[in-house]
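Please treat every number below as a calculation from the coordinates, not as lab data. Since this is a predicted model, take the numbers as computed values, not measurements. A quick note on method: Cβ atoms are made from the backbone with ideal geometry, for glycine too, and the neighbour counts reach across all protein chains shown.
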Amino acid sequence: MAQPIPESIQLRAVQSDTSGQPNLPHEHVQTQGGQTSTAVGPPDLEGPAPLPSSGRETAGPTQPHILATSSSPTPVPTTTQPAPATQPEIANNADNATPPPQVPTGIPASSLPPNQASTHTNGTTTNPAAPPSGQSTGATLVHLPRKTFWSYCWSMKGPVSLVVVYLVTSIIITTSSDVNGPLARLGVTGGFLVLNILALLNNYALVAAGDKAWSSVQWGPLMRHGQNLTTFLALSASSGVGGWLRIIFHEFHVPKRFVVGSRRSRNASTSRAAPKASILHPRLWGFGRVGFWLLVQFPGLIFMTKVNPVLDYRPTTWERLSGGIGEYNVTQAATKAANGALLSGLTLNIIRDGTITKSMPAVSQECSPSKNCTSYILPGGMKNMSPWKFPSLNGSALPVYITRKTPVYQLDFWDAGLIPWAEKDCTLFGFYPEGENSTFGFQICMTPYNDGQILAALKFCNDVITSDGSCTYQDGWRRAATWSGFVGVYRRNATVASERKTGVLLDIGDLSPAKPQHIPPADFLTAFNGMLLPWRQQNNSFECDASGPQYQLTQHISVLLDLSRFASYQVEPREILRNIFLVPLYFYNPLTTPFITIPARTEIATDSPNENYIDGSYAHDVNRLDISWWTVLTYMIVCGIILILILLVLALTVWNQVQETSDYPVVDFLKLTRETSIASGNTGNAGTHDDIASIFANCAVGESRDIVEASRGVRIVAGARARAQNGPSSHVV
């Protein structure tokens, strides 16, 4: 507050001459506090003397002092604290700061603005009197530049880039299974490179868009009515994860006995004396920032969780042909017309023949790995195609041929455990010499089970079999060695890829829903009677002759079962049980039965069922990446939700921004300090300060804890609100 001049200070008025021109400058002697100083200046000016052109005052051992005079000698108030000699006078808007105007010698004192302060060369100033109520204060209009449309679009680059990256990533990963898609075209190495780049771009785009949303909240609703400086630091992207964690764990001290070489902060005494303003809200915002930062790291890693290289096939031109597997025909099986050598080989090895069957995941829910579950697809192979697509001299050189919507059978097999079989469900196969017992015989047992499934078993007598078919071992067939299992038969369509040179089934995909096939056990038994030798006396007939195919196959199976009852780990009984159910479905169907007319190898068959006319194409083999569908779905949901939340926050805060921000947070912060009113609650200095750096003056260099502690209790206000609090000298248009 300005103090009146003490009585010890002597003032001498300077009179003007009669011509109205001021007298020559006089040298006055002023005594203040017992010291004598000289002042040289015009005697008839009231107000401050002009500053030097540099806008700064110079101080020396002899300081001239300019006295204000008027027609009536009234005391001139002065401040008790001298201003720093090198501090320039700063305008209300620091960007438009200019030196004060030079005051001509001819201007009377009454023409000076009422709020003009008189600055003396010895550092003292004369404060202006408060203007009367209703009097104009001479406010200066400060025109701030507006952000252009393109600048605004550039400021939204984070959300826009996230939308673009999200769309591009979704398109690429959802088409990963397409052999003509962008990811398949790049191969395995290029695909991994693109996916890693997309993961990084997702991370950067999410962070940039999230920072823009947090900045809109920071400079929007939270800054509208003032904001705690610690909250400002907790929301700022420039603080980083380390700064957010520092605010979260502020005042969580580790006992000094666990800290090696701990040192005392230079402003420790100040920190202890400062009031402890609440840090709860900044800590909650810090938790939110860290939680969001952790969340945005997740989407970029999701679709990389399960990526596997696979071999796929790209077709060229589709053409019409007949192929696949036809439906089982029990009428043809009843004729027992068969190729004995082919049936014998299939009964022992069909599940091992890669040109006819291929192992696939099971369809039946009851089929589990604990029950030795296996499943096989029976597509027919290239031998059932007409015309043939094996390599020829004038044909295509591509290595693969694929067919789509190919009719196939799928059979599930799993163990059944111990089953008490009834005699009516079992049929004996084998032979015996006349008047003798036999060891060459076994039973096949079948009964309907559930939804087209069949419960089946192979049984072998541990002793000899009499001519009437009885087993002489203890309780007879009830105690015979038994291998039981379930059989599930299904029909479906699939895309089948085969190697043209060998006919091996390479891949089976695009499977349609499985349809259970209700084939009764009696229909399978009809086929078994043609494949094997039903129980009878050995004679010289073709069927019972030792050189007959049914005789040899039945004898071979009996020997295998006899050996397997002493070695339970043998897999032959289980494989034979599965083979004998697959063979009838493959052999007795419209495309492989011996009753059909075999067409020329270069022509399409004319008597095939309608479902067996399919499309085929020569194909290239393609190595590509396959992304699991659940990772694709998870990415699209998680990243989509984050994107919607960010856009929602931006939409709600776009018209509520106190100050526009740039790409340089430090510059935005410096601009804030020039236009900000700071209530220094924890420093003990009431009022406002335009220089925010003074709050951190006592912080030790490199001490983040001191910075957080110094920011507590400091409230910042930006924009027109800050200028209104600082004074009525300026306003923004």
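Give me the net charge for the shell around VAL622: Cβ to Cβ below 13 angstrom, other residues only, Lys and Arg +1, Asp and Glu -1.
On the way: positive: ARG185, ARG314, ARG624; negative: ASP178, ASP312, ASP507, ASP621, ASP626.
Surrounding charge for VAL622 is -2.
Can you give the Rg to Rh ratio of segment 383-489, both from alpha-carbon atoms, with Rh computed by the Kirkwood formula? Intermediate values should be presented prior to the final figure.
Numbers: Rg = 22.1 Å, Rh = 17.5 Å.
My calculation of the ratio gives 1.26.
Counting Lys and Arg as +1 and Asp and Glu as -1, what is the net charge of the other residues whose Cβ lies under 13 Å from the Cβ of SER564? Display every interim value, and only then the final one.
On the way: positive: LYS459, ARG565, ARG574; negative: ASP562, GLU572, GLU575.
Taking every other residue near SER564 into account, the sum is 0.
If packing is taken as the mean number of other Cβ atoms within 10 Å per residue, what is the order of 696-707, 278-289, highest first?
278-289, 696-707
Residue farthest toward the positive end of the dipole of segment 466-545, with Cβ of Lys/Arg at +1 and Asp/Glu at -1: which of ALA522, GLY485, ALA497?
Result: ALA497, furthest along the dipole toward the positive end.
Can you work out the Karplus-derived ³J(HN,Hα) for every residue in segment 407-418? Use 6.51 cos²θ - 1.76 cosθ + 1.60 with θ = phi - 60°, whole Hz, and x for glycine or proline.
x, 9, 9, 10, 10, 9, 10, 8, 5, 10, x, 7
Under the rule of at least 5 residues apart or a separate chain, name every residue whose amide H is placed under 5 Å from the amide H of ILE716.
Here the answer is GLN227, ASN228, LEU229, since their amide H atoms fall under 5 Å of that of ILE716.
Taking amide H positions as placed 1.01 Å from N in the peptide plane, with prolines and chain starts having none, which residues 5 or more places from ASP626, or on another chain, fall under 5 Å of its amide H?
ASN308, VAL310
For GLY441, which sequence-distant residues (separation of 5 or more, or a different chain) have an amide H within less than 5 Å of its own amide H, given hydrogens modelled in the peptide plane?
Result for GLY441 returns nothing.
Which net charge results for the neighbourhood of THR355, defined as the other residues with beta-carbon distances under 15 angstrom from its beta-carbon, given Lys and Arg at +1 and Asp and Glu at -1? The partial results should precede the final answer.
Values: positive: ARG352, LYS358, LYS383, LYS389, ARG500, LYS501; negative: ASP353, GLU499, ASP507.
Residues near THR355 contribute +3 overall.
From the phi of every residue in segment 340-352, what ³J(HN,Hα) in whole Hz does the Karplus formula 6.51 cos²θ - 1.76 cosθ + 1.60 yield, where θ is phi - 60° and glycine or proline is x?
So the Karplus estimates, Gly and Pro as x, are x, 5, 5, 5, 5, x, 5, 5, 8, 9, 5, 6, 9 Hz.
What list of ³J(HN,Hα) values in whole Hz, one per residue of segment 657-665 in order, does the Karplus curve 6.51 cos²θ - 1.76 cosθ + 1.60 (θ = phi - 60°) give from phi, with Gly and Pro shown as x?
8, 6, 8, 6, 10, 10, 7, 10, x
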